[in-house]
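Notes follow once the structure below has been shown.
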Amino acid sequence: MHCSRGLEREGFLIDKAFLGGGVYSLRFETKELLPEILPGQFFMLGPHRWKSDPFLLRPFAVVDWSENDVEFLVKVVGRGTKDIVSCERGTPFRLRGPLGNGVFTAARGRSLALVAGGIGVAPLLCAWKFHSDVVSSFVFGVSNGDWAGVADWASSKVSGLTVASDDGSLGYKGTAPDVLKKEGDLIDEIWACGPVPMLKAVYGAFGGKSLIMASLESRMGCGIGGCHSCTVKTQRGMLKVCHDGPVFDLSEVFLDELI
Amino acid sequence: MHCSRGLEREGFLIDKAFLGGGVYSLRFETKELLPEILPGQFFMLGPHRWKSDPFLLRPFAVVDWSENDVEFLVKVVGRGTKDIVSCERGTPFRLRGPLGNGVFTAARGRSLALVAGGIGVAPLLCAWKFHSDVVSSFVFGVSNGDWAGVADWASSKVSGLTVASDDGSLGYKGTAPDVLKKEGDLIDEIWACGPVPMLKAVYGAFGGKSLIMASLESRMGCGIGGCHSCTVKTQRGMLKVCHDGPVFDLSEVFLDELI
Amino acid sequence: MSLSDVSKSLPDLSVSIGGLTLPSPLIIASGLWPHDASFWQEPYSAGVGAICSKGLTRRPRAGNSGIRIWETPSGVLNSIGLQNRGVEVFIKEELPHLAKSGIPVIVNLAVESLEETTESLVLLKSAEKDIAAVELNVSCPNVDCGGMAWGMSADGVSSVLLAARKAWEGKLWVKLTPQAFDLPSVGRAAEDGGADALVVSNTWLGMAIDVEAKKPVFDRIFAGLSGPAVFPLALRCLYEVAGSVSIPVIGCGGVCSDEDVLAMLLAGAAAVEIGSMLMHDLKCISDIYESLTKRMALWGVGSVADIIGKGRGDRF
Amino acid sequence: MSLSDVSKSLPDLSVSIGGLTLPSPLIIASGLWPHDASFWQEPYSAGVGAICSKGLTRRPRAGNSGIRIWETPSGVLNSIGLQNRGVEVFIKEELPHLAKSGIPVIVNLAVESLEETTESLVLLKSAEKDIAAVELNVSCPNVDCGGMAWGMSADGVSSVLLAARKAWEGKLWVKLTPQAFDLPSVGRAAEDGGADALVVSNTWLGMAIDVEAKKPVFDRIFAGLSGPAVFPLALRCLYEVAGSVSIPVIGCGGVCSDEDVLAMLLAGAAAVEIGSMLMHDLKCISDIYESLTKRMALWGVGSVADIIGKGRGDRF
Ligand SMILES: Cc1cc2nc3c(=O)[nH]c(=O)nc-3n(C[C@H](O)[C@H](O)[C@H](O)COP(=O)(O)OP(=O)(O)OC[C@H]3O[C@@H](n4cnc5c(N)ncnc54)[C@H](O)[C@@H]3O)c2cc1C
Ligand SMILES: Cc1cc2nc3c(=O)[nH]c(=O)nc-3n(C[C@H](O)[C@H](O)[C@H](O)COP(=O)(O)OP(=O)(O)OC[C@H]3O[C@@H](n4cnc5c(N)ncnc54)[C@H](O)[C@@H]3O)c2cc1C
Ligand SMILES: Cc1cc2nc3c(=O)[nH]c(=O)nc-3n(C[C@H](O)[C@H](O)[C@H](O)COP(=O)(O)O)c2cc1C
Ligand SMILES: Cc1cc2nc3c(=O)[nH]c(=O)nc-3n(C[C@H](O)[C@H](O)[C@H](O)COP(=O)(O)O)c2cc1C
Ligand code: FES
Ligand code: FES
């Protein structure tokens, strides 16, 4: 390996835990020291053995990090994630990051709620860890009991985590926005991450009242603003999730154009 | 897996040993019982994780086999062999075989010599094991001392193996055909496998006097005579190494057209 | 519907291609499968709708010298050069055994000159009962005279069809080349000339260089690219042609999975041919057949016809 | 020579392309690299011979709606649709910073109408000193008006060159499309029209279908295929064009390794452009540069010029 590879880092998978619901926690040890990572920032990654198929690295939000290790939650949804979680401990990985300039920025003195849907909990765990002092509540919505392991795992990290599930099999019955609505109307700011329908529900309930900062997803090529693959339509034009985001002020985003 | 997959079998890598000279011995346990395998027959194989890149299975001669295991020698020469030997024990493999109709057939009552060059020793080890009663000598030529591990390993299987090396660092100094020439002129039949120059030397020294049956190599697609990728030019036309061979009467083969 | 209910209502995978009914939309493409009846039966025959013969010529051909196959990223370059024993030997020594298998035989006939094509078709007529269709190959990139040249333009295809239709009244497919500039117009020429179906398409012209030897890998320099790498290109060609003709179009190029088959069908294919994937897995067709059946059952789709063309956008 | 001796006689990797000297034959292809000077320096700049800008148009373009990138076997389909801020903003806000990097800037100009092309070139003239060459992109498959249409025929390319050469006297490259029927003739038209070099070529027209959604993945249905999958096809195109023109030809399509670069050079390329591989590894170029240097030293080859065209067979 070379002395400086810029954002291209190498890491070894040192911990892998299956949490249920198709979700794994993966921890990598990096060879070099990591720079400071801000909540919402992400890495693109894949095992070194990916040469040309799979070809593209996959983006994942940082859940936690220290000087030379970094942790992600990976939900298996397709061939890339399937292959990533099949790797043994010790497997060398390509880790490109930290990426993203639009991040969750702590706003002291305001009431701040975090709301996560499913795997969207990942960047919010990072936000909580580094800004727990300013967070007033954290709601984690999941579809059903398959997520019990993930919910337990998250609860062990976040004191006072409120869990909700669509079918009531875990925590409150209802969606995360539903629960948030019950928690009180006076929220200055919301940090959100989850499926598009959840983001729409949050915006429907709190748009105009609270500032809603949401971490968005998009298919990515480069992760550095070069290829224009990952754009979302906003009031400021087509913006790049990898470079201008992934965290955006939801009031600027054309929610109906999200894929 | 299905009940009958014909020639497509599944096996697990159960043993891997590095023998030096870039050569590994690999042993696979198969799920189903194997049919009888004749010396010279081969398998096309690759780890199950090869989906589209690498795409083609690689051919390897059977070294040894029993009801449900089969052993190969694999020399690393390119990306496929490199990836194959990097697999851990337990890795599931696709094993297509046994393939080949032109095989080494024992000729009782005649003097028979085996001559191998480098990795060409593989099918001859199988021939020796199943026909040691009819073999009068077995010469194994290698380039240099890098092959010491392979030569030791082969010697442990073949009593009376004669080793020769180009630079004299192992056994006799000289090529395998040189050594064979010294061993005596009256050989009825020779079974040979090795690089094209070796085959030419054997033919130069014994052609017309002894029947020379040689296992040839060629780039392969299907292994079953379907794709016409693997042909060699012979006096009977373009013949398929996978289907008509891999063992051919060398007097029929246009040696200068071998690649 | 859950997977366990699937067996209750197995969908019908048979397809009809210009009047020819096949038990499955999965056809083995030309040049991959041995003319050896022992491979035209279980377990290899499971799920197979038809098998195309190796490209045949009027007279035997030895094929090309030198390296004939080379792996590329997710693809395969080949330069076989139509090695075959000629139409006559095929009819006498091979076809009868293959036909006995019960698998529909598609005879892939490589167009060299018009005369040879006519002669071959006249010979094939004598074995008509054993031939489900003739697939005219105007698209082989690996030979000098004829081959792909006929398929490059509408005019070339028209003259081939004119000659062929005089000698052969049975089912006639035309296998196009993606090297043609305007595939839809070539396809329309074939339709106008009386083709019953089109196959879109053959291999893509590529090459490789052996860097250490500092020379082209193949004696003929260029070779044909196939395999998963070309799937997105083949799908686009299929989509264009299927939108431009009214006869059935069979998709071919890089099909490897039930997803690929469904993509081709949704784009308008009446069936697919599978070639290179068989080198990767001799039994891929039965696996694809199974997963296709399951997926169709899950979708609640009763027949292949209900899928064909259902994924087309508004272009063409 | 052994590897340890390599450092003693490092070969010279600079190349000359129609009078323009670049420090390395490895050029970053258009559409992959940010117009952000922080990426135009170490460690990313190591081994880079030049960088092509994103395809620019006379006026800003928002690009295409919907999914813009899709992975295929060893390849990538893209449908970006030339999102860019327009030539004027580029000249004012971006180019000065990029030029300061010292890396030669190749301005990729997407040809829409002839008028717009002329206007853009006139504007670029004001920044001529910061521009190593203009690369006319007559090959973008992802836009409606113009784009690829200009590159499909010799006539189209001739008219573009006629207009362009009136407005731009600096170095002029033309980036061809592999969708053209007769690339050599299109290449000759560009040469005759005064191009200093050709780039062969852009992406290959493909498509994808989202099987579960039962519809095309891309809003525009078709998209451009790039990446390792297309390398054998791109190498063939390069080989054909390099044998048909006398200006330098730059290879582009699927280049991922030093072997690929050498194959392109041996086939006749004067340099290469590397695109998709950068998505796989932002730093691939410096790795390729290093291994290329080592390999050339092992071969005992002192300069890139000694390799160009040395692997050509006798065709063309
Ligand atoms: C900034 C960012 C952060 C992310 N953080 C996480 C995370 O912390 N944990 C996690 O599990 N996932 C995260 N994702 C999503 C993750 O990147 C995708 O699930 C993954 O790339 C899918 O790869 P695949 O090969 O398994 O899926 P594919 O086989 O390529 O596709 C399967 C499915 O995944 C979806 N998908 C594919 N690529 C993306 C993508 N880039 N973004 C969103 N959806 C995609 C598609 O809609 C498709 O339905 C994040 C995505 C982004 C953009
Ligand atoms: C019938 C038969 C039996 C064989 N038995 C053995 C064996 O027992 N042990 C063993 O180590 N090797 C054997 N080989 C050779 C082995 O198949 C190749 O070395 C292997 O396929 C190379 O794969 P690769 O991906 O590593 O090489 P690639 O990267 O594809 O190519 C690297 C080099 O390998 C050579 N090569 C590639 N494919 C073949 C091929 N099919 N046949 C010959 N050379 C090839 C090429 O000339 C090239 O120089 C046999 C080949 C055949 C045809
Ligand atoms: C080794 C090989 C031999 C082939 N021979 C023929 C042939 O004789 N006639 C023909 O029409 N097509 C031939 N083809 C083309 C295939 O039938 C098919 O059209 C092409 O490979 C694309 O499909 P695939 O990607 O599924 O392989 C051959 C392909 C390969 C790989
Ligand atoms: C995301 C993406 C965007 C591209 N944008 C442009 C462009 O704006 N102008 C252009 O001429 N080519 C563009 N291309 C084509 C590349 O420059 C290159 O010609 C092509 O991708 C083939 O090379 P590759 O296989 O190395 O990527 C783009 C390619 C990709 C993948
Ligand atoms: S992923 Fe390339 S610009 Fe965002
Ligand atoms: S490898 Fe296909 S015929 Fe021999």
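Scan the stretch C:151-177 and report the pairs whose first residue is more than 14 Å from chain D (Cβ to nearest Cβ) and whose second residue is within 16 Å of ligand 4 (Cβ to nearest atom) and modelled with pLDDT of 95 or more, with Cβ atoms within less than 9 Å and a gap of 6+ or a chain change.
none
May I ask you to verify whether D:A99 is part of a helix (DSSP H, G or I), away from chain C (no Cβ under 14 Å) and surrounded by fewer than 20 Cβ atoms within 10 Å (Cβ to Cβ)?
So D:A99 passes the test.
With the structure loaded, tell me whether C:K294 is modelled with pLDDT of 95 or more and within 25 Å of C:G81 (Cβ to Cβ) or whether it fails that test.
In short, no.
Yes/no per residue for (1) of a type in the set (S, T, N, Q); (2) within 16 Å of ligand 1 (Cβ to nearest atom); (3) within 22 Å of D:P141 (Cβ to Cβ):
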| residue | (1), (2), (3) |
| --- | --- |
| D:I28 | no, no, yes |
| D:I67 | no, yes, yes |
| D:H97 | no, no, no |
| D:E112 | no, no, yes |
| D:L123 | no, no, no |
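Go over the candidates A:G20, A:G40, A:G6 one by one and state the one that is without any contact (Cβ under 8 Å) to a residue 24 or more places away in the chain and more than 16 Å from ligand 4 (Cβ to nearest atom).
Answer to the selection: A:G6.
Residues of the stretch B:241-258 being open to solvent by 40 Å² or more (accessible area, probe 1.4 Å) and either within 14 Å of ligand 6 (Cβ to nearest atom) or within 24 Å of C:W33 (Cβ to Cβ) (or both), which ones?
Answer for the stretch B:241-258, where residues must be open to solvent by 40 Å² or more (accessible area, probe 1.4 Å) and either within 14 Å of ligand 6 (Cβ to nearest atom) or within 24 Å of C:W33 (Cβ to Cβ) (or both): B:H243, B:D244.
In the list A:A154, A:A192, which residue meets the criterion of being away from ligand 5 (no atom under 16 Å from the Cβ), open to solvent by less than 60 Å² (accessible area, probe 1.4 Å), part of a helix (DSSP H, G or I) and not assigned by the TED database to the domain that holds A:P59?
Of A:A154, A:A192, the one residue that is away from ligand 5 (no atom under 16 Å from the Cβ), open to solvent by less than 60 Å² (accessible area, probe 1.4 Å), part of a helix (DSSP H, G or I) and not assigned by the TED database to the domain that holds A:P59 is A:A154.
Restricting the search to the stretch C:12-23, which residues are surrounded by 23 or more Cβ atoms within 10 Å (Cβ to Cβ) and within 18 Å of C:G300 (Cα to Cα)?
C:V15 - this is the single residue of the stretch C:12-23 that is surrounded by 23 or more Cβ atoms within 10 Å (Cβ to Cβ) and within 18 Å of C:G300 (Cα to Cα).
When you scan the stretch B:23-38, do you find a residue that is modelled with pLDDT under 95, in contact with an Asp or Glu (Cβ under 7 Å, 6 or more places away or on another chain) and among the small types (G, A, S), even just one?
No, the conditions are met nowhere in the stretch B:23-38.
Which residue pairs have Cβ atoms under 9 Å apart, sit 6 or more places apart or on different chains, and have a first residue in the stretch B:245-259 that is away from chain C (no Cβ under 14 Å) and a second that is within 16 Å of ligand 3 (Cβ to nearest atom)?
Here the result reads B:G245/B:S218; B:G245/B:C230; B:P246/B:P59; B:P246/B:S218; B:P246/B:C230; B:F248/B:V241, each pair linking the stretch B:245-259 to a residue that is within 16 Å of ligand 3 (Cβ to nearest atom).
Residue check: is B:L33 in contact with a Ser or Thr (Cβ under 9 Å, 6 or more places away or on another chain) and either over 30 Å from A:K51 (Cα atoms) or more than 16 Å from ligand 6 (Cβ to nearest atom) (or both)?
Spelling it out, it is not the case that B:L33 is in contact with a Ser or Thr (Cβ under 9 Å, 6 or more places away or on another chain) and either over 30 Å from A:K51 (Cα atoms) or more than 16 Å from ligand 6 (Cβ to nearest atom) (or both).
Determine whether B:S218 is surrounded by 23 or more Cβ atoms within 10 Å (Cβ to Cβ), within 11 Å of ligand 2 (Cβ to nearest atom) and either among the hydroxyl-bearing types (S, T, Y) or more than 11 Å from chain C (Cβ to nearest Cβ) (or both).
Criteria not met by B:S218.
Just one of the numbered conditions (1) within 22 Å of D:L124 (Cβ to Cβ); (2) more than 16 Å from ligand 5 (Cβ to nearest atom) is not true of D:G75; which one?
The number of the failed condition is (1).
On the basis of being among the small types (G, A, S) and open to solvent by 10 Å² or more (accessible area, probe 1.4 Å), does C:G224 make the cut?
Answer is no for this residue.
In the stretch A:119-135, is there at least one residue being at pLDDT below 95, in contact with a strand residue (DSSP E or B) (Cβ under 9 Å, 6 or more places away or on another chain) and part of a strand (DSSP E or B)?
yes
Pick from A:V70, A:V103, A:V23, A:V77: which is under 17 Å from the mean Cα position of the chain (by Cα) and open to solvent by 50 Å² or more (accessible area, probe 1.4 Å)?
Sole residue among the options that is under 17 Å from the mean Cα position of the chain (by Cα) and open to solvent by 50 Å² or more (accessible area, probe 1.4 Å): A:V77.
Check C:V76 against each of (1) touching a strand residue (DSSP E or B) at 6+ places or on another chain (Cβ under 7 Å); (2) more than 14 Å from chain D (Cβ to nearest Cβ); (3) open to solvent by less than 10 Å² (accessible area, probe 1.4 Å) and name the one condition it does not meet.
Unmet condition: (2).
For residues in the stretch D:191-221 being of a type in the set (S, T, N, Q) and open to solvent by 10 Å² or more (accessible area, probe 1.4 Å), which is nearest to the chain's Cα centre (by Cα)?
If we take residues in the stretch D:191-221 being of a type in the set (S, T, N, Q) and open to solvent by 10 Å² or more (accessible area, probe 1.4 Å), then D:N202 is nearest to the chain's Cα centre (by Cα).
Which ones in the stretch B:196-239 are within 16 Å of ligand 6 (Cβ to nearest atom) and over 19 Å from B:D256 (Cα atoms)?
B:M220, B:G221, B:C222, B:G223, B:I224, B:G225, B:G226, B:C227, B:H228
One line per residue, one yes/no per condition, for (1) within 20 Å of C:F218 (Cα to Cα); (2) within 16 Å of ligand 3 (Cβ to nearest atom):
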site: B:V196; (1), (2): yes, no
site: B:M213; (1), (2): no, no
site: B:I224; (1), (2): no, yes
site: B:C230; (1), (2): yes, yes
site: B:E252; (1), (2): no, no
site: B:L255; (1), (2): yes, no
site: B:I259; (1), (2): yes, no
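Which ones in the stretch D:44-71 are open to solvent by less than 10 Å² (accessible area, probe 1.4 Å) and within 14 Å of chain C (Cβ to nearest Cβ)?
Matches in the stretch D:44-71: D:I69 only.
Which strands (runs of 3 or more DSSP E) sit wholly inside the stretch C:16-60 and have at least 2 residues that are away from ligand 6 (no atom under 16 Å from the Cβ) and of a type in the set (A, V, I, L, M)?
By residue number, C:20-22, C:26-28.
How about the stretch A:228-244: which of its residues are touching a helix residue (DSSP H, G or I) at 6+ places or on another chain (Cβ under 9 Å), within 15 Å of ligand 1 (Cβ to nearest atom), touching a residue at least 24 places away in the same chain (Cβ under 8 Å) and not hydrophobic (A, V, I, L, M, F, W, C)?
Listed by number, the list is empty, since nothing qualifies.
The values are calculated or read from the model by the stated rules, or taken from the named source; none is laboratory data. Keep in mind that this is a model prediction, so the values were computed, not measured. We place every Cβ from the backbone using ideal geometry, glycine too, and count neighbours over all the protein chains shown. Note: areas computed on protein heavy atoms with side chains; ligands, DNA, RNA excluded. Shrake-Rupley method; radii C 1.70, N 1.55, O 1.52, S 1.80 Å.
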